[in-house]
1. Kindly evaluate Asn55 against the criterion of being open to solvent by 60 Å² or more (accessible area, probe 1.4 Å) and assigned to a loop (DSSP other than H, G, I, E, B).
2. Residues Val343, Val351: which one is among the β-branched types (Val, Ile, Thr), surrounded by 15 or more Cβ atoms within 10 Å (Cβ to Cβ) and not in a loop (DSSP other than H, G, I, E, B)?
3. For residues in the stretch 92-116 being in contact with a Pro (Cβ under 8 Å, 6 or more places away or on another chain) and assigned to a loop (DSSP other than H, G, I, E, B), which is modelled with the highest pLDDT?
4. Out of the residues in the stretch 198-231 meeting the condition of being among the aliphatic types (A, V, I, L, M) and open to solvent by 10 Å² or more (accessible area, probe 1.4 Å), tell me which one is farthest from Val404 (Cα to Cα).
5. With (1) hydrophobic (A, V, I, L, M, F, W, C); (2) modelled with pLDDT of 95 or more; (3) assigned to a loop (DSSP other than H, G, I, E, B) as the list, and Cys534 as the residue in question, which single condition is left unmet?
6. Output the residues belonging to the stretch 391-409 that are of a type outside the set (A, V, I, L, M, F, W, C), open to solvent by 40 Å² or more (accessible area, probe 1.4 Å) and either part of a loop (DSSP other than H, G, I, E, B) or modelled with pLDDT under 90 (or both).
7. Only one of these conditions is not met by Val194: (1) outside any strand (DSSP E or B); (2) of a type in the set (A, V, I, L, M, F, W, C); (3) surrounded by fewer than 20 Cβ atoms within 10 Å (Cβ to Cβ); (4) within 18 Å of the chain's Cα centre (by Cα). Which number is it?
8. If we scan the stretch 212-234, do we find a residue that is more than 19 Å from the chain's Cα centre (by Cα), outside any loop (DSSP other than H, G, I, E, B) and not hydroxyl-bearing (Ser, Thr, Tyr)?
Amino acid sequence: MKLKNSFFYTIREDISNEESISGNLLVRSGMIKKISSGIYAYLPLGYKVLKNIENIIREEMNEINCSELLMPTLINDEVYESTNRLSSFGNSMFRLKDRYDKNYCLGPTHEELFTMVAKSMVNSHKDLPFCLYQIQNKFRDEARPRYGLIRVREFIMKDAYSFDADINGLDSSYNIMFNAYKKIFTRLGINYKVVKADTGTMGGMLSEEFQAITNIGEDTLVFCESCDYASNLDICESITSNKESAEKKLKKDLIKTPNARTIEEVSEYLNEASSKLVKSLIYNINDKLYLVLVKGDSEVNEIKLGKLMNTNNLRLANEKEIHKLKTCVGFVGPININIPIIVDNEVNNMVNFVVGANKKDYHYKNVNIDDFTTDIIGDIRNTKPGDMCPKCGQKLVFKKGIEVGNTFKLGTKYSEALNLTYNSGNELKNVYMGCYGIGIGRCLSAIVEQNNDEKGIIWPMNVAPYKVGIIIVDTKIDEQVQAANHLYNELRKLNIDVLLDDRNERAGVKFNDMDLIGIPIRITIGKKIDDHICEFKLRESDESSEISIFDVIYKIQDTIEEKNI
């Protein structure tokens, strides 16, 4: 690509409404452009990166004999009604009607359609196993799109599905895909961790996430540096010490706490650490009210709470529901309240703690677990920094991550609902399914989040839009132009993606642009070309070197081979 007379621009200033490094750099470098909230256009440079990522994915999918197809984006609502998922998507689904007043949506996910397609072929166990995948746009009406391509309303995804006769077959297919994913993310140059995760609306037996480690991200990842334990915060097991407190139990005491409603206010008023307080929250779970107790310095984990109660139908109670219990917002507590009480394991081991008294401006001090009736006890809190590893007992550490891929063992959830069966000895058996996704736009953003400096993007060789950028220092000097064009043409003959900056711009502008867009190898053709000398520089390094124009192609080839993964 020659920049002169091509669609190419960069932006010098930071973008005010892009809160992530990747969003800011991708817009500034002319890779993407925001069209509206959560909706982006991929411009020529960004589109080339996108296609490079897709090609790596395709190569690894084809390597494991996974066949590519393409599903429709416009989907009849009846498809999701068959698996009772229409309501679970709720407002996140884009809905529309056709001219006959039939309900359709823009596909947020395609488990049902892949199951329907598989039914076309599967009759007996001889038709299994096999694997299908697609690369396609998905649509979800995100309430708060943010972080550039990380949280958007329209996104490009690779989703694959495996089909097996039994659980052993599923385990084998899952492991094959899992290893292919590790190869993909390694080739993309992404620093990632695999963590256990919640199965969510996908359902199934197991979910694991491939998380790109970054300074931003919507996921909190929990690791142990002493063993291989890794988990998403949503499902990380919180370990509570079983060691009994040496503190002597005291008798509860009703005390006045005027206008002290929050944990912070009560802690300050009583001069007690927040860890000595208990947070009392009223939840509506399956249309029934429950009191949920966690330690004052802990937070309720609603995913754990839902699993404990075997439901996704839960929410915090509203003020009207709370007032019906004859208690007060800010002073709710477990003593003399007429609803079931769910207690976190950590609270169950506390001694002499503080709770609300269900009376305005009052709390109880020196409360113990036997001062009220406990109905359910379980792990319902978020793990905190410094908590013990569930596997080895050492301290856990926390990092942020961007989910770039996920793998699910769906089991027979969708095959049962959609009658995907095979004949085995005159008996119909359900097919076992696995589901595997990669967010391609998220991969692009994660790569930029992990590979940048104050000058711009530093693309890994495998995904860079162009591997080589040639700069002509002075386009008015024929010798420089001729040498640059000759090198450009020779590299193209070798099928090396090369960009030639032949614009009538100052050299400094060209250098800044080449750094911003992150081309891995920069060749500068300047005044020393009369001596057959050019400059060779890697984007990742501050050092440059002079090299003969006759040797530079060999140097480029060696560098590309060395840095390709």
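The values are calculated or read from the model by the stated rules, or taken from the named source; none is laboratory data. Quantities reported herein were computed from a predicted structural model and do not represent experimental measurements. Positions of Cβ are generated from backbone atoms using ideal geometry, with glycine treated the same way; all protein chains shown enter the neighbour counts. For accessibility, only protein heavy atoms count, side chains too; no ligands or nucleic acids. Shrake-Rupley method; radii C 1.70, N 1.55, O 1.52, S 1.80 Å.
1. no
2. Only one candidate qualifies: Val343.
3. Ranking the qualifying residues of the stretch 92-116, first place goes to Gly107.
4. Among those that are among the aliphatic types (A, V, I, L, M) and open to solvent by 10 Å² or more (accessible area, probe 1.4 Å), it is Met205.
5. (3)
6. Result: Lys391, Gln394.
7. Status for Val194: all satisfied but (1).
8. yes
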